Amino acid sequence: MGYIGKEQALPLLIEGLRRHSYRGYDSSGVAVFDGNQVSLVRATGKLEQLEQMLVRHPLPGSVGLGHTRWATHGGINETNAHPHADCKQNIFVIHNGIFENYQILKEKLQAQGHVFASETDTEVLSHLIEHFFKGNLENAVRQALVLMKGAYGVVVFAKQDPDKIIAARLSAPLVVCMSDAGGFVASDPAGILSHSNKMVFLDDGEVAVITKDSFTVTDLKNNPKEKTVTEIDWTLQEAQKGGYAHFMLKEIMEQPESLTNALRGRLMIGEGMAKLGGLEELKKQLKDVNRIQIIACGGASYAGKFGEYIIEELAGIPVHADIGSEFRYRNPVFDKHTLSIFISQSGETADTLAALHEAKERGGLTIGIVNVVGSTLAREVGFGVYNHSGPEVAVASTKAFTSQLAVLVLIGLFLGRQRQLSIASGQQIARELNAIPGLVKRILEKCSEIEILAKKYKDVNDFWCIGRKYNYPIAWEGALKLKEICYINANGIAAGELKHGPIALINEQFPTIAICPSDSVYDKMISNIAQIKARNGKVIAIATEGNEDIKRIADDVIYIPKTLEMLTPILSTVPLQLLAYYISVQRGHDVDKPRNLAKSVTVE
Ligand code: AGP
């Protein structure tokens, strides 16, 4: 959040940060210019902590930057909190996103004598702007941003060019508005909606120069850009959810972006390889791994089951997926060539942490797939791959789950290419994986069809979700979503198991969701669907676009785009999320905070 105008900046910044706080954060900070100097106050924890510090150091001035940080590079401490300054304390930067090439730029700047205070990727930008600064801030910002790779929404202020703040975006949202009080910029309309409802949303590659009276927008080459003003008619509460009725829907809709973030900088398509910075140091030991166990709880454990299939397929290593609450009460067999992978969105799940402790005690390698940076699991596991999904607020996991699947494919690709997987197969997987965020977007564009379907099935009390091979764990995940937020007795079943008992339950009131993309087990799935139909059961099929035949046997069909068989789970998960979401809404449940459940399960 940035402000320049006639009023005192601090209360406006704090109010804006509070309205952004639903996004999740672990530290915060403000910088305010009083016409003479810039004062900086940063704190870890909740905004209240920052406010307490500000009681002791009130910051007068009518220009300022405010930021809440969700740690990605560097631990959670005051020094890593934003704003970040250059060597001369002239330039101040706040940043959302990730600069992928920060390390190399940091080394170059250090070699030129720049001294860094924090471990963050963001601080590189302050020093790079300092390097280019010749009195005009926007020119220096443009020159610096041309060199930055990754994603950013940045706001910059310079003491030596103080009549403006500069905002720029690439893959991280920024919105600008003007009011009688001055110019505002924020990551989210919620932060500034109380000042004006007339917003200008920046697009990728755009730079805004904001003064107390007006603002202009250009591209990185300083070509002027025409912008349209959008009138927002959201209430403040709606705005915090990006205009969506619930966080869950917002998070479902964010998946093209969260998947892009999970893959960003990690796919080397030409080499058919995955580049995973957090495993770099383990490269040699990973080559010698001859057994893998994947441990997680709830939805994350279903991602783990998918990991079992994909890693065995790509790397030819025996894999066993387990749940945290069972793992430590078994007598798991380990040796130094065993790799244990722990998956957790929150990084705070007690059973997963206890399993990690058990695994560490017994030896072998441990790595994590974690979303929350700096969480207990992330700190204790030592090595791993972050999801970079951003904060997930709704209790039912959606975007974190699909990014767990994507990261498991990356790990499978990495281990596979260290072993048996050919470069050609690696290239094909990398190419198709790279296209997945766009395919997810296509499914989301058809959400209204799933909403209609949800109306038809909203009063059902029992549901099955069936799948085979890679989509077997997704059947579990689909059923879990229906349990969690619709309170429906839903079960995920391996389709081949139906005949061994469950089919006794089928009747016309008992619908089944059959995940049946056109793949190697499609014919088997059709036989299972036929068995259900023969007993008058209803079937909703999740099938591949272009498959018209399925309409002859299924009652309803949801289509997903074509992709590699092993990547279909990332796509088939999305309609299951939407179906559960819309059924929950229509049943009148509290979607984001379902009864009896917590977002992080920190007890055994
Ligand atoms: C998923 O929708 C659930 N809320 C739940 O099963 C969750 O996946 C599980 O509690 C594990 O949480 P974690 O990923 O934070 O460890």
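Observations on the model:
- Odd one out for residue 189, checked against (1) modelled with pLDDT of 95 or more; (2) within 30 Å of the chain's Cα centre (by Cα); (3) closer than 18 Å to residue 67 by Cα: (1)
- Candidates are the residues of the stretch 407-441 that are touching a helix residue (DSSP H, G or I) at 6+ places or on another chain (Cβ under 9 Å) and charged (D, E, K, R); the one that is surrounded by the fewest Cβ atoms within 10 Å (Cβ to Cβ) is 419.
- Filter result for the condition that a residue is within 26 Å of residue 187 (Cβ to Cβ) and among the hydrophobic types (A, V, I, L, M, F, W, C), over 395, 319: 395
- Qualifying residue in the stretch 187-195 (condition: in contact (Cβ under 8 Å) with a residue 40 or more places away in the chain, open to solvent by 60 Å² or more (accessible area, probe 1.4 Å) and not small (Gly, Ala, Ser)): no
- Taken over the stretch 479-489, the criterion of being in contact (Cβ under 8 Å) with a residue 24 or more places away in the chain and within 13 Å of the ligand (Cβ to nearest atom) is satisfied by 480, 481, 482, 484, 485, 486.
- Of 75, 61, 113, 45, all but one fail to be at positive phi and touching a helix residue (DSSP H, G or I) at 6+ places or on another chain (Cβ under 9 Å); the exception is 61.
- Spans of helices (runs of 4 or more DSSP H) in the stretch 497-604 with at least 3 residues closer than 30 Å to residue 22 by Cα: 568-587
- Output for the stretch 219-251, where each listed residue is over 23 Å from the mean Cα position of the chain (by Cα) and without any contact (Cβ under 8 Å) to a residue 40 or more places away in the chain: 219, 223, 224, 225, 226, 227, 228, 229, 230, 231, 233, 235
Residue by residue, here is whether (1) among the β-branched types (Val, Ile, Thr); (2) open to solvent by less than 60 Å² (accessible area, probe 1.4 Å); (3) in the same structural domain as residue 473 (by TED's automatic domain parsing) holds:
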{"position": "495", "(1), (2), (3)": "no, yes, yes"}
{"position": "498", "(1), (2), (3)": "no, yes, yes"}
{"position": "506", "(1), (2), (3)": "yes, yes, yes"}
{"position": "509", "(1), (2), (3)": "no, no, yes"}
{"position": "513", "(1), (2), (3)": "yes, yes, yes"}
{"position": "531", "(1), (2), (3)": "no, yes, yes"}
{"position": "541", "(1), (2), (3)": "no, yes, yes"}
{"position": "553", "(1), (2), (3)": "yes, yes, yes"}
{"position": "560", "(1), (2), (3)": "yes, yes, yes"}
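- Taking the listed residues 564, 579, 571, the one that is more than 16 Å from the ligand (Cβ to nearest atom) and under 27 Å from residue 346 (Cβ atoms) is 571, with no other qualifying.
- Some residue of the stretch 152-160 being under 23 Å from residue 191 (Cβ atoms), out of contact with any Cys (no Cβ under 8 Å at 6 or more places or on another chain) and modelled with pLDDT under 95: yes
- In the stretch 93-127, the residues that are open to solvent by less than 10 Å² (accessible area, probe 1.4 Å) and assigned to a helix (DSSP H, G or I): 109, 122, 123, 124, 125, 126, 127
- Highlighted here are the strands (runs of 3 or more DSSP E) found entirely within the stretch 297-405 that include at least 2 residues which are open to solvent by less than 10 Å² (accessible area, probe 1.4 Å) and in the same structural domain as residue 264 (by TED's automatic domain parsing): 338-344, 365-370.
- Scanning the stretch 163-186 for residues that are in a strand (DSSP E or B), open to solvent by 10 Å² or more (accessible area, probe 1.4 Å) and touching a Phe, Trp or Tyr at 6+ places or on another chain (Cβ under 9 Å) yields a count of 4.
- If the condition is being touching a residue at least 12 places away in the same chain (Cβ under 8 Å) and away from the ligand (no atom under 12 Å from the Cβ), then the stretch 361-378 contributes 362, 363, 364, 365, 366, 367, 373, 374.
- Test result for residue 342, within 15 Å of the ligand (Cβ to nearest atom), of a type in the set (Phe, Trp, Tyr), under 21 Å from residue 473 (Cα atoms) and at pLDDT 95 or above: yes
- Of the strands (runs of 3 or more DSSP E) contained entirely in the stretch 23-78, those carrying at least 2 residues that are out of contact with any Phe, Trp or Tyr (no Cβ under 9 Å at 6 or more places or on another chain) fall at 27-33, 38-44.
- Matching option when the condition is in contact with a strand residue (DSSP E or B) (Cβ under 9 Å, 6 or more places away or on another chain), of a type in the set (Lys, Arg) and over 18 Å from residue 368 (Cα atoms), among 227, 241, 250: 227
The values are calculated or read from the model by the stated rules, or taken from the named source; none is laboratory data. All figures in this text were calculated on a predicted structure; none of them were measured in a lab. As a convention, Cβ positions derive from the backbone with ideal geometry for all residues, glycine included, and neighbour counts pool all protein chains shown. Accessible surface is based on the protein model in full, side chains and every heavy atom, while ligands, DNA and RNA are left aside. Shrake-Rupley method; radii C 1.70, N 1.55, O 1.52, S 1.80 Å.
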